[in-house]
Every structure is written in C-alpha cells, then in structure tokens.
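Everything below concerns the one structure shown next.
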Amino acid sequence: MKNLVFDVNVVLDLWLERQPEDRLLDIAALVSSRQRGDAFTWIASPSLHVLQSVANRQFKREGMEPTQAKKTVKQLLLNLLDNLQPLSAFGFDQDRTLLLHDDLEDAQIVKAASALQGETAILTNDKGYDTAGTSLLQLSPSEAVVWLREQAAEAPMAFIDLKTQQDALRPQLEQGIHRVLHHGQYILGPEVTELEQRLAAYTGAQHCITAASGTDALLISLMALGIGPGDEVITTPFTFVATVEVIVLVGATPVFVDIEPGTCNINAALIEAKISDNTKAIMPVSLYGQPADMDEINAIAARHGNLPVIEDAAQSFGAEYKGHKSCNLSTIGCTSFFPSKPLGGYGDGGAIFTSDDALAQACREIRVHGQSARYIHGRIGIGGRMDSLQCAVVLANLERFEQDIAQRQAVARRYHALIERKTEAKTRVETQEERGPDQVFSGRKAATAEAITLLPWPAPDRTSVFAQYSLRVQHRDAVQAKLKAAGVPTAVHYPMPMNQQPAYAHLCCPECTPVAAATAEQIMSLPMHPHLTEVEQRRIVDALVDTEGTTRLETDEES
Amino acid sequence: MQVEAIYRQGRLEFLTPLRLKQDPLRVVVEVPDEALDEALDEALDEALDEALDKGGRIDTASASSMTSDAEDAEAFRQAGAPTLSAIRQLLGPLSRARPVASPAEDKAALTEALADKYS
Ligand SMILES: Cc1ncc(COP(=O)(O)O)c(C=O)c1O
C-alpha cells in the first residue's frame, strides 16, 4: 500500500477552508483514506507544533479568545491524529547533513518520510522539498487522488511482502522496540511473558514457552519428552529440514511415512504400519498452513501406549482444526516466528504449546540450559530463549494477525477461483481449436487443465492460514522461468523430500514414499501475502495459464 | 431497486451511475436464457463470487472499467464528506472560507507566531 505524508500547508488548507469545496473534499478524502484501506497516511512529528502555532495565531487574529483558540486547535489536532499517524523524527537523524538544509522543518519531514518502506509521496502544494537521494514523490492533492488509484502494475512483485506489514505497524513496532530499549530487560523481559500469555490464550493451550526459533522449539520438545538414541520418531519426508534435523540431533531416528497428495501432509492411514517398539513419538507437520489429520494421528498414538504427538505447526499458527487452534491439537505444538511466517518477527523466534504442566516445566528449564533454579542444572538444556525485542515485534504483528489471516484466505480463494476459471476457459478454447468450432465440447481434459493441478481447498473441518499457496505444475522449470520473465517470483516448497537429501538419504529409500517423491517434482508456490491485490493475482494467473508450449501435454490421451 | 446494466467481456456496467455504500456489493443479475452459450460451472462461479465477497474490495484498477475515471474521482471526493463535516463541526463559528495561502506564507505565519510566543 502507498504512503502519503501530509505537509502543513495542505492540512491548514483543510482546517482554514482555503480551497474551493471540491478541493477541500479531496483533501478530506485523502486524510481519511487509511480508514478505507486506500493508503497509509502520516503527519511528520515536526509538523505538529507548526500546525498548532499557525492555526492558533490565525484564530486569535480573527478575534477568538486565546484559550478558546487553543482548545479548538487541540481538537483539530486530535481529529487529525485519528486519521493520520505521527511519523517519528529520530534523534539520530538530526545530524550535520540535516542541519545543512536551508529549511530544517522540511528536511525533517523528508527524513521521516524516507523511513517508510512502500511507495511514498509528500502531499504538498508547492513541491519545494529537497528530496534528492530519496525515492520520495511530491504530489498535490489532486495528483495524489489519481496516484492512489493507479496500480503499480509493472512494479516488481514481492513473493512475500514484509514492507507493507512494516508500514502498517510502524508506530506499534517503534513503540514496542523503544519500550525494550527503555526498560533494558533484553532477555526474558516483560514482552516475553506478555507474548506467551497472549499466545496461550489465543490457542487455548495451557502453556506457551517461547524459544529462540521454530527449530529450537522442536528440539526442546523432543528433549523434554526424553527422546534420544535408539528411539524412533515417525514423521513426513515432505517438510522443511528442521523437522527431521532435530530428531537426528537428539540421537533418535526419523521414520518416514508418505504424504497424501491433496494436502501434502503425512498420510495418517500409513502411520500404524511404521510403528515399532522403538517408536517414541509422532511428528506430523501442518504444511502450507493446514493442520494434518490430527484426530486420526492422536487416535493411533493413543492405541500405541499414548505416544506423544508433536505438531510441527511452524507454518500453521492461526489455523483451525475441528474448532481448535493449530498448536493446541496434540501433546505439544511448535511454531516459528521466522519473518515470512504468517505470524512473524524480524529475526528468529518460535514457541512451544502444551497443556501438560510437567512438560511445560521441562521445556522452560531446557530452554535455559536445563536450569531449575539459579545455577542448578537438573537436566541437559540449551540456550534457546527468544529475546524481548523479537517478542515486541511479534506482539506488534499480532495486532493485525486475524486480519492478515482473513486476507491470506481471501487471496487463496481468489487464486483458486481465477486459476480454475482461466484453465477452464483455456481448455475449452484449446479443445475447440483441436476439434474445429462445430464440434461439441466433450469434457475431455485438454492440455492446460492437466498441466496445472490445484491442491484441493481445505476440508470443511479445518482452515489453512496459507503460509504458502502451492499447486502442482508439469514442466516446473519452464513454468518458473516463464513466470520469472513475466516478473512473477515463485518458489518450491520443497524440491527434494528429506529421504533424498544427502544427509538423510540413508534413513529411507526414496521409493518408499512415492507421493512425496512425485510431489517434490511438481510442487510450486505462487506469491502469497495478505496484501496481494486482485490485479496482481490476475497478472500472475494470466502468466501461469498462458505458458503455452511449456505446459501442454506432450501426449494426447485419446490417441 | 432494479437497474439496467450492460455485460461486456466479463464486467457489468450500470447504465445509471450509482453511488454505493458498500464495495464490493453482491448483486443478483437476471440473464436471459437465450443469451446463454453454455451452462456455466456452478461450483466455479460460486468460488469466484465467494472469493470476491470475502476478498474485500475489488481493486480500483479492475473496478475502473465499471465506472469512468470521472465517476471514480467523484466517489473518492465524496468519501471525504464525513471528515470535512467533522472538522467544520469542531470549528463551529470559525468555519468559513478563507483566501488561499502559499507554503511560504504559512512559514511566515509560523515565524510571526513564534515571535509572539517568545517576545
Ligand atoms: C515445517 C517447518 N518446521 C520447522 C521450521 C523451523 O523454524 P525456524 O526457521 O524458526 O527455525 C520451519 C520454518 O522455517 C518450517 O517451515
């Protein structure tokens, strides 16, 4: 989303009604455009006292009693701050180069505006700002009205847009970070406790223990369960390496069970066959943001001596399964706050969730070197704490989390609908072209439809937070290259199952998990973030479905 | 109310310009049977409708073909009405048209205000 920084002159135009009615309405519409989701709107902090002084003076000169003038101006400022967010003027920016400018106030506004991540314009009538060396625009109100409606259609597209998130939450982020600087409790400070309480309440789990990363959260969980050499942990080969790595790190052996083609999650029906006397835990992954079949998995675990189940929910925090939140679906749930995750920080972080008091206590101790009291180490542990600054960032991002999830789901729905519609239309055209216009459409699947396969929409008993929007494509390299040429970034989650990775290949043959092997060859992720617009999605889908020559089937089914 | 609209290349265009309180807005459209080429896949349509419903607003670039630029600009302008009237309410008797002032004049006014304050 675009940023608009208001200069004093424009705000005074509105307050003092110094423009014709149409112009005043335009400025008022720009002032309130954040509420309508049209722009992020700002007033630089150094402008506030200027507004106050000039408006005050004007009203007093018009004969208003000074205290009344002050009161009116205060109300106008409060009204302004209901709409525009104050933009920080940092002390460290007030340096020699800034002071060299002829107009300090203007230079401060330019400096403050430069901190914003997205496209940013200063809203000004005379465009007298010295913006050299910045990418800031200077626009009059009428130009800004047009600019806001223009889509940055050919701008480079982000696979994940963390810039908009930062602009959306800048005041909360700055406040949270400065709060930590102020109190100085960098390790296990109040933000850590607050985040743990908020997240436990959010998931419904009794305990939340933050950790230095999602990987550490998984590692600590395995250690707390006492899993070690000689033990086996059942998991999926189709995951990020951390899931498997931690099992090996504690000395246990990962036992791979193949995945379901629809969800790419572990196939619960195949788990039982892999359970042995050495099985000590089951570790499903809720991939791409969608919970695995947790009821079935928990039931299998219960049948085999109450095996603990650890949900690797690094990608699925916020998702629901039968009315319960991911991370609160089994013995332990672990998530990650890696920046690109649906709920992310600006560094590493993770969390463990459990409703088992003893396990929670063990996790807390292991997180701090196995310490049960100061310098008493009852168990072997690690240095695995999440720091106060990262917790402050996640707390800020938590403010928009529900909204972000809803937007991610809307984006995914739109992808689904657009791709289905487009492949359908293209299939029809291709079939008609092949058979001649007078032949009836027979429903035979033509090239496009077969070249792109959507993963089914999540079953009604669960939701996905769409950490990724992934689909299957034939000739993936060619499709990715074509999309790249069209300015659309893609990624592959994941190109190789863990049982084919050099470090883990000895654990299980690739043919043992054929669905994972086939999926790794075809899976591809499209850009996914809460701020993806319909226009961008149409551009992506057009490029995806129009990859003629690369997505056509080489063989004709009927021949 | 019933309004006439023209369907062209996947988009509906109202013949009478309307200002709507809600965007996007779900509407039911009557399509003459004889105009139908082929039965549309119902599931697909539902999915698209739902996507547009739940996806919140339709982006201005795709919506712009439904309305003209002038209509869009007018709609944007009118969205400022509540804010402008709130400001006028705060101003009370001070609400009145004043002559245009340039940024330079505002800066001069600031200098005078500061001089007043510190003298
Ligand atoms: C499935 C899965 N497990 C574990 C992790 C590890 O999380 P982190 O990167 O926070 O260590 C990730 C994230 O990258 C993941 O996607």
Hits in segment A:232-248 (condition: assigned to a helix (DSSP H, G or I) and among the hydroxyl-bearing types (S, T, Y)): A:T243
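For segment B:30-47, indicate whether the set of residues that are in a loop (DSSP other than H, G, I, E, B) and either under 30 Å from A:V145 (Cα atoms) or at pLDDT 80 or above (or both) is non-empty.
Pass one, segment B:30-47, residues in a loop (DSSP other than H, G, I, E, B): B:30-32, B:36-41.
Cutting the leftovers down to either under 30 Å from A:V145 (Cα atoms) or at pLDDT 80 or above (or both) gives us none.
Scanning segment B:30-47, I find no residue that is in a loop (DSSP other than H, G, I, E, B) and either under 30 Å from A:V145 (Cα atoms) or at pLDDT 80 or above (or both), so the answer is no.
Results for (1) surrounded by 18 or more Cβ atoms within 10 Å (Cβ to Cβ); (2) over 17 Å from A:H531 (Cβ atoms); (3) hydrophobic (A, V, I, L, M, F, W, C), shown as yes or no for each residue.
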{"position": "A:R96", "(1), (2), (3)": "no, yes, no"}
{"position": "A:D103", "(1), (2), (3)": "no, yes, no"}
{"position": "A:D106", "(1), (2), (3)": "yes, yes, no"}
{"position": "A:S114", "(1), (2), (3)": "no, yes, no"}
{"position": "A:L123", "(1), (2), (3)": "yes, yes, yes"}
{"position": "A:K127", "(1), (2), (3)": "no, yes, no"}
{"position": "A:S135", "(1), (2), (3)": "no, yes, no"}
{"position": "A:E143", "(1), (2), (3)": "no, yes, no"}
{"position": "A:I160", "(1), (2), (3)": "yes, no, yes"}
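Condition check: within 9 Å of chain B (Cβ to nearest Cβ), touching a Leu at 6+ places or on another chain (Cβ under 7 Å) and more than 24 Å from A:R149 (Cα to Cα). Does A:V8 satisfy that? Give the derivation first.
Values: within 9 Å of chain B (Cβ to nearest Cβ): yes; touching a Leu at 6+ places or on another chain (Cβ under 7 Å): yes; more than 24 Å from A:R149 (Cα to Cα): no.
No; evaluated as a whole, the condition is false for this residue.
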Considering only residues that are more than 13 Å from the ligand (Cβ to nearest atom) and in contact with a helix residue (DSSP H, G or I) (Cβ under 7 Å, 6 or more places away or on another chain), look in segment A:226-242 and name the one that is nearest to the other protein chains (Cβ to nearest Cβ). A:I234
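Among the residues of segment A:450-476 satisfying the criterion of being of a type in the set (A, V, I, L, M, F, W, C) and part of a strand (DSSP E or B), which is modelled with the lowest pLDDT?
If we filter segment A:450-476 for residues that are of a type in the set (A, V, I, L, M, F, W, C), which is where we start, we get A:451-452, A:454-455, A:457, A:459, A:465-467, A:471, A:473.
Now drop any that are not part of a strand (DSSP E or B), which leaves A:452, A:454, A:471, A:473.
On the way: A:I452: 92, A:L454: 95, A:L471: 97, A:V473: 95.
Across segment A:450-476, the extreme among qualifying residues is A:I452.
Among the residues of segment A:249-291, write down those that are charged (D, E, K, R) and within 25 Å of A:G323 (Cβ to Cβ). Break it down into steps so the answer makes sense when it comes.
Taking segment A:249-291 as the starting set, the residues that turn out to be charged (D, E, K, R) are A:258, A:260, A:272, A:274, A:277, A:280.
The one that is charged (D, E, K, R) and within 25 Å of A:G323 (Cβ to Cβ): A:E260.
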Filtering segment A:11-21 down to residues that are touching a Ser or Thr at 6+ places or on another chain (Cβ under 9 Å) and outside any loop (DSSP other than H, G, I, E, B), which residue is nearest to the other protein chains (Cβ to nearest Cβ)? A:L14
Mind checking which residues of segment A:243-281 are within 16 Å of the ligand (Cβ to nearest atom) and polar (S, T, N, Q)? A:T243, A:T263, A:N265
Selection status of A:R413, within 14 Å of another protein chain (Cβ to nearest Cβ), more than 15 Å from the ligand (Cβ to nearest atom) and part of a helix (DSSP H, G or I): yes
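Give the residue, chosen from A:L222, A:L162, A:L188, that is more than 16 Å from the ligand (Cβ to nearest atom) and among the hydrophobic types (A, V, I, L, M, F, W, C).
A:L188
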Which one of A:S53, A:S47 is in the same structural domain as A:D130 (by TED's automatic domain parsing), surrounded by fewer than 22 Cβ atoms within 10 Å (Cβ to Cβ) and not aliphatic (A, V, I, L, M)? A:S53
Out of (1) within 14 Å of chain B (Cβ to nearest Cβ); (2) among the small types (G, A, S); (3) in contact with a Lys or Arg (Cβ under 8 Å, 6 or more places away or on another chain), the odd one out for A:A115 is which? (1)
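Look at A:V440 and say whether it is assigned to a helix (DSSP H, G or I) and either crowded, with 16+ Cβ neighbours inside 10 Å or modelled with pLDDT under 90 (or both).
No; evaluated as a whole, the condition is false for this residue.
In this structure, is A:Q138 under 21 Å from A:S33 (Cα atoms), more than 16 Å from the ligand (Cβ to nearest atom) and outside any helix (DSSP H, G or I)? Working first, answer last.
Values: under 21 Å from A:S33 (Cα atoms): yes; more than 16 Å from the ligand (Cβ to nearest atom): yes; outside any helix (DSSP H, G or I): yes.
Yes; evaluated as a whole, the condition is true for this residue.
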Residue hits (segment A:200-215; within 16 Å of the ligand (Cβ to nearest atom) and either more than 19 Å from A:A358 (Cα to Cα) or within 14 Å of chain B (Cβ to nearest Cβ) (or both)) are A:A212, A:S213, A:G214, A:T215
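The values are calculated or read from the model by the stated rules, or taken from the named source; none is laboratory data. Please read all numbers here as calculations on a predicted model, not as lab measurements. Backbone-built Cβ (ideal geometry, glycine too); neighbour counts: all protein chains shown.
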